[in-house]
Amino acid sequence: MTRVVIVGCGVVGAAIAYELSLCPEFEVVVVDRQPPASGSSGAALGVAMGVISHKVQGRNWQLREQSLLRYPALIAELEAITGQQIQHNTQGILSLCFVAEELPRWRSLQAIRQQQGHTLDIWPPEQVAHHCPHLNLTNTVAGIYSPQDLQVNPTQLTQALVAAATLRGVRFHLGKPVVAFKIATDSAAPYCRAVLTSSQSFEADWVVLAAGLGTTALTENLGQATVLGPVLGQGLKLHLAQNLGNPDFQPVINGNDIHLVPLGAGDYWVGATVEFPTVSTPADGFALQPEAALLEAVWQGALAYCPALAQGTIIDRWFGLRPRPQAQAAPVIKPLEGYRNIWLATGHYRNGVLLAPATALTIRDHLLNG
Ligand SMILES: Cc1cc2nc3c(=O)[nH]c(=O)nc-3n(C[C@H](O)[C@H](O)[C@H](O)COP(=O)(O)OP(=O)(O)OC[C@H]3O[C@@H](n4cnc5c(N)ncnc54)[C@H](O)[C@@H]3O)c2cc1C
């Protein structure tokens, strides 16, 4: 058996654990200092913008496409194995376009997606009004509708991944941080023999660092700092007496990068802000505090395209920190330089929920190929 230790039990670490649990050659342990989905994953809206994103080639598109292809079967598998329901929305994403000059770019994306075998519709405002009568379309020049893109509740997904992986033999050790690594230097390339918490040692043939923002400290400890910075995001939850618009058509709506996420039974998420640290933020970034004015701006932006939201009651507000790589592109899925058995699966920034299934398959394939 090949022993794999995964550090981090957000959506990325949990997805890797589950995919590896499907391969009989792996014996998998996951270590996290907190319960599953306590980091960035627990704050996410779970909007998976694949076909509707402007990435059309290279690694970033391939990962998106791989995730979109994996997601339907993954959710069905997890619900069947665990008996848990995972809130998800397969009615697509409708993005409102307010600037006529952007339409040629959308038409060009539509043509590329058609060649790739995907669907992207461009609706005139009358068609948007027909499908979504609850929207104010005063400034809308078109609606870009992507039926294949989806949304999934990130916390429920992570918990189901953990439950399914547990049933398939993965062991989860939660509640204590990884504080050190036992490194063997008896060969040309050093390797990690074990991952250590204050009270336990986990022997490893492979180590996967899926620790989100915690990856910086872990890689500093290994002398190969992979620096990630926090980008704060706030969201809110709203309750209305009933679902807005057409009860049979409740896609995720996006206008000016503000998502309106239907959850059923009159509940909606609205978000999220994108708040970069300022020069006065302490170096570790974790003292970042949400700015009320920025959440208010997001709320006003949502009200502008969906005035009926004003009839609802805000029942929750929250924030989280997105792990953004510094000086390299997101996400970071590669071996840790200088070690022959440590992989990084981190730095997913704004797309960790979207990219978790593809990240897991990428790591699985690399570990299977030694
Ligand atoms: C408001 C908001 C909205 C978002 N919306 C979306 C969205 O719509 N779609 C999308 O795809 N993405 C979205 N994201 C981004 C997404 O949340 C992240 O990209 C994703 O959650 C990253 O997952 P992760 O598993 O890598 O990190 P995390 O969820 O942060 O998990 C890392 C885990 O590592 C653990 N850890 C760290 N250090 C140690 C250590 N030393 N020892 C043990 N454990 C350790 C932590 O406790 C944590 O549980 C959003 C983020 C925010 C904040």
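The values are calculated or read from the model by the stated rules, or taken from the named source; none is laboratory data. All figures in this text were calculated on a predicted structure; none of them were measured in a lab. Counting neighbours? That spans all protein chains shown, and the Cβs are built from the backbone with ideal geometry, glycine included.
For the stretch 278-295, does any single residue satisfy the condition of being at pLDDT 95 or above, crowded, with 20+ Cβ neighbours inside 10 Å and on the phi < 0 side of the Ramachandran plot? Yes. Please list, ordered by first then second residue, the pairs with beta carbon atoms under 7 Å, 6 or more apart or interchain, first in the stretch 296-319 and more than 22 Å from CYS97 (Cα to Cα), second outside any helix (DSSP H, G or I) and of a type in the set (Gly, Ala, Ser). Short answer, once both residue conditions are applied: TRP318/GLY235; PHE319/GLY233. Of the residues making up the stretch 8-15, not a single one is more than 16 Å from the ligand (Cβ to nearest atom), in contact with a strand residue (DSSP E or B) (Cβ under 8 Å, 6 or more places away or on another chain) and hydrophobic (A, V, I, L, M, F, W, C). For LEU63, the requirement of being more than 26 Å from ASP267 (Cβ to Cβ) and more than 6 Å from the ligand (Cβ to nearest atom) is met.
Taking the conditions (1) outside any helix (DSSP H, G or I); (2) charged (D, E, K, R); (3) within 14 Å of the chain's Cα centre (by Cα) in turn, ARG64 satisfies each one other than (1).
Of all residues in the stretch 215-233, those that are within 30 Å of ILE258 (Cβ to Cβ) have Cβ atoms under 6 Å from Cβ atoms of residues that are modelled with pLDDT of 95 or more and part of a helix (DSSP H, G or I), 6 or more apart or on another chain, in VAL227/THR216; LEU228/LEU213; LEU228/THR215; LEU228/THR216; PRO230/LEU213. A single entry from ARG105, ARG113 fulfils the requirement of being surrounded by fewer than 16 Cβ atoms within 10 Å (Cβ to Cβ), outside any strand (DSSP E or B) and either out of contact with any helix residue (DSSP H, G or I) (no Cβ under 9 Å at 6 or more places or on another chain) or touching a residue at least 40 places away in the same chain (Cβ under 8 Å) (or both): ARG105. Among residues belonging to the stretch 323-355 that are within 11 Å of the ligand (Cβ to nearest atom) and within 19 Å of PHE26 (Cα to Cα), point out the one that is surrounded by the most Cβ atoms within 10 Å (Cβ to Cβ). Once the filter is applied, the top-ranked residue is ALA345. In this entry, GLY143 is excluded by the filter for residues that are at positive phi, at pLDDT 95 or above and away from the ligand (no atom under 16 Å from the Cβ). When VAL29, VAL47 are checked against the criterion of being buried (at least 21 other Cβ atoms within 10 Å of the Cβ) and either under 16 Å from the mean Cα position of the chain (by Cα) or closer than 22 Å to VAL170 by Cβ (or both), a single residue qualifies: VAL47. Counting only strands (runs of 3 or more DSSP E) that sit wholly inside the stretch 123-210, those with at least 1 residues that are over 28 Å from LEU78 (Cβ atoms) are 142-146, 180-184, 191-196, 201-203. Need pairs with beta-carbon distance below 6 Å; first residue within 15 Å of SER21 (Cα to Cα) and within the stretch 153-172, second polar (S, T, N, Q) and away from the ligand (no atom under 15 Å from the Cβ); sequence gap 6+ or separate chains. As it stands, the answer is ALA160/THR82; ALA160/GLN84; ALA163/THR82; ALA164/THR82; ALA165/SER21; ARG168/SER21; VAL170/SER21, since those pairs meet every condition given. Taking the stretch 211-220 as the range and being over 17 Å from ALA189 (Cα atoms) and either more than 9 Å from the ligand (Cβ to nearest atom) or part of a helix (DSSP H, G or I) (or both) as the test, the residues that pass are GLY212, LEU213, GLY214, THR215, THR216, ALA217, LEU218, GLU220. LEU367 falls short on exactly one of the conditions (1) more than 10 Å from the ligand (Cβ to nearest atom); (2) in a helix (DSSP H, G or I); (3) within 25 Å of LEU236 (Cβ to Cβ), and that condition is (3). Evaluate the following for GLY245: is it touching a residue at least 24 places away in the same chain (Cβ under 8 Å) and in contact with a Cys (Cβ under 8 Å, 6 or more places away or on another chain)? The answer is yes for GLY245.
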